[in-house]
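The values are calculated or read from the model by the stated rules, or taken from the named source; none is laboratory data. As the structure is a computational prediction, the values presented were derived from the model and not from experiment. Cβ atoms come from the backbone with ideal geometry, glycine included; neighbour counts cover every protein chain shown. Please note that ligands, DNA and RNA were not included when accessible areas were found on the heavy atoms of the full protein model with its side chains. Shrake-Rupley method; radii C 1.70, N 1.55, O 1.52, S 1.80 Å.
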Amino acid sequence: MVEKGTFTLKSGLAQMLKGGVIMDVTTPEQAKIAEAAGACAVMALERVPADIRAAGGIARMADPTIILKIMEAVTIPVMAKCRIGHFVEAQVLESLGVDYIDESEVLSPADDKYHVNKNDFKVPFVCGARNLGEALRRIGEGAAMIRTKGEPGTGNVIEAVRHIRKVNDEIRWISNLPAEELMTAAKELQAPYELVLEVARLKALPVVNFAAGGIATPSDAALMMQLGCDGIFVGSGIFKSGDPAKRAKAIVAATTYYNDAAVLAEVSRDLGEAMVGINIDTIKPEERMQDRGW
Amino acid sequence: MAGKKIGILALQGAFIEHQQAITNCGAQAIQVRTARELDQVDGLIIPGGESTTIGKLMQAYQLDTAIKARYEQGMAIWGTCAGMILLAREIIGMNQPMLGLMDIAVVRNGFGRQVDSFETELEVDPIGRVNGVFIRAPYVERVWGPARIMASHERKIVMAEEDRLLVTAFHPELTGDKCIHEYFLKKVSD
């Protein structure tokens, strides 16, 4: 018997992406630069988060033509974003044959209460999280991969650091609780009880967890890896910088050799201009992307 | 078995899963990112991941020449998925960094994209029935010389061996079944 769309296959692809860098691209040319630099996957978009932030208005799923052209241009996996709760955009992306769907806070939410029921799909989903409860709610809905939300399009790593520390902190807490306290812990986390039990047993998330939202330099990538992330998403950080090909290659090397400061020093040299960053406290509350998602 | 030390190439991909599987078999497993770490191991597993990513990093950090040299000296190597692609002498229609050690020609993403990924039972000669997890998997189009077919699915070759080399298009490290890891360990001399 041949089975497709199983959770083993969905989470398995995320396992194959580990230790790698997934790069945001908006054209086939950028996708080829990313692949040549060693990206393990690309995220096909109409605009990178920094430009979405600058443009304002409603950000939606990319035009299928852009996504298909990028899928033709590279042999590595291609991901694409749908709006939170927009299950029809997800159906469209699945029919295009994308390898992963990111139900993403970078786009404008389509539903103010509910996320997509990701168990309905054969294509796997990745979702953002700021804490353990949020991660487990998304996994409960069928997400096969998690990423920190960070604050997209800022080139500022502070929020991604806050989110991975929070998730790790709560995993350590759950891992040390006696069995009789886990139900109340699930209530406090607002997380499914069965998944809380699984975290307590594994002392880890049951799926792969990448870093995203503000990574702009090789050292940012290595910082997130040393904090325990399984891999890196770079959004605006590469193609909003002075020398995208060189920076992309450097971030790939930094994600592999994250514990080797000599390699990090070597690849950080002469990278040109990094993307212009934004301080988090200058962002208006209604423009904070990380607060989208329920 | 306890005396054997297996390196898992840890440039990118599912190396931790292989490390756990080897440890569960009672052998020692370490992550390999440098030529110095490679010198300490008796056998090497090249895991699933992206073959272009692993190949480029292998070349940039001179691990390709180090791996080929250690193979010549008798080290056994097992490649799963991306690892199988990197071990092949020929990658159909592609020009990418590779090791080119085994007499096989492979087709990347041979079964299609992620929506075509699948699980199925396989009959492996001489191991028997195993659960095959295929994720954007390649297949072997043909083998020649001393290379030998071990398993096929829908008439596509998905497992083969050649002396100290072993390749699987699927992922035994994701199933919890140790039999293929044990088979590889038999190829590794102390």
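In this rough spin-label picture, where each label sits 7 Å from Cα along the Cβ direction, the A:D120-B:E121 distance is 3.4 nm.
For chain B, the number of Lys pairs separated by eight or more positions or lying on different chains, with C-alpha atoms closer than 27 Å, is 18.
Taken over segment A:162-277, lysine pairs spaced eight or more positions apart, or on distinct chains, with alpha carbons under 19 Å apart number 4.
Dipole magnitude for segment B:5-189: about 320 debye, using +1 per Lys or Arg Cβ and -1 per Asp or Glu Cβ, origin at the Cα centre.
Could you give the semi-axes, largest first, of the ellipsoid that matches segment A:1-88, computed as the square roots of 5 times the alpha carbon gyration tensor eigenvalues and rounded to whole Å?
Working through the eigenvalues yields semi-axes of 24, 18, 13 Å.
Computed with every protein chain present, the accessible area of A:D120 is close to 120 Å² [probe 1.4 Å]. Surface analysis of chain A yields an accessible area of 40 Å² per residue, using protein heavy atoms and a 1.4 Å probe.
Within 10 Å of the Cβ of each residue in B:12-22, the mean number of Cβ atoms contributed by other protein chains is 4. Accessible surface calculations at 1.4 Å, restricted to protein heavy atoms, place segment B:5-189 at 35 Å² per residue. Whole-Hz Karplus values for segment A:234-250 come out as 10, x, 6, x, 8, 7, 9, 9, x, 9, x, 4, 5, 5, 4, 4, 5 Hz, taken residue by residue from phi with 6.51 cos²θ - 1.76 cosθ + 1.60 and θ = phi - 60°; glycine and proline positions read x. The Stokes-Einstein estimate for chain B, based on a Kirkwood radius over Cα pairs and taken at 20 °C with 1.002 mPa s viscosity, is a diffusion coefficient of 133 µm²/s. Amide H contacts of A:E105 (H built 1.01 Å from N, in plane; Pro and chain starts excluded): A:G128 sit under 5 Å, all sequence-distant by 5 or more or on other chains. Highest-first packing order for the peptide set A:156-169, A:28-41, A:210-223 is A:210-223, A:28-41, A:156-169, based on the mean count of other beta carbon atoms within 10 Å. Apolar share of the accessible surface for the protein assembly as shown: 48 percent from carbon plus sulfur atoms, 1.4 Å probe. Sequentially through segment A:84-96, phi angles give Karplus couplings (6.51, -1.76, 1.60; θ = phi - 60°) of 4, x, 8, 5, 6, 4, 5, 4, 5, 5, 4, 5, 6 Hz, Gly and Pro residues having no value and appearing as x. For peptide B:104-116, the mean count of partner chain Cβ atoms within 10 Å of a residue's Cβ comes to 4.
Each chain gives up part of its surface: B and A jointly bury about 3000 Å² of accessible area, both sides summed, for a 1.4 Å probe.
By the Kirkwood approach, averaging reciprocal distances over each pair of separate Cα atoms, the protein assembly as shown gets a hydrodynamic radius of 22.6 Å.
Mean partner shielding of peptide A:131-144, defined as the number of other chain Cβ atoms within 10 Å of each residue Cβ, is 0.
Between the listed residues A:Q290, B:S117, A:G214, the Cα displaced farthest toward the positive end of the dipole of the protein assembly as shown, a dipole computed from Cβ unit charges relative to the Cα centre, is found at A:G214. Judged by the mean number of other Cβ atoms found within 10 Å, the most tightly packed of the peptides A:80-92, B:9-21, B:89-101 leads the ranking B:9-21, A:80-92, B:89-101.
You can think of it this way: the chain between A:A261 and A:D112 has 49.3 nm of extra reach, that is 0.36 nm per residue less the Cα-Cα gap.
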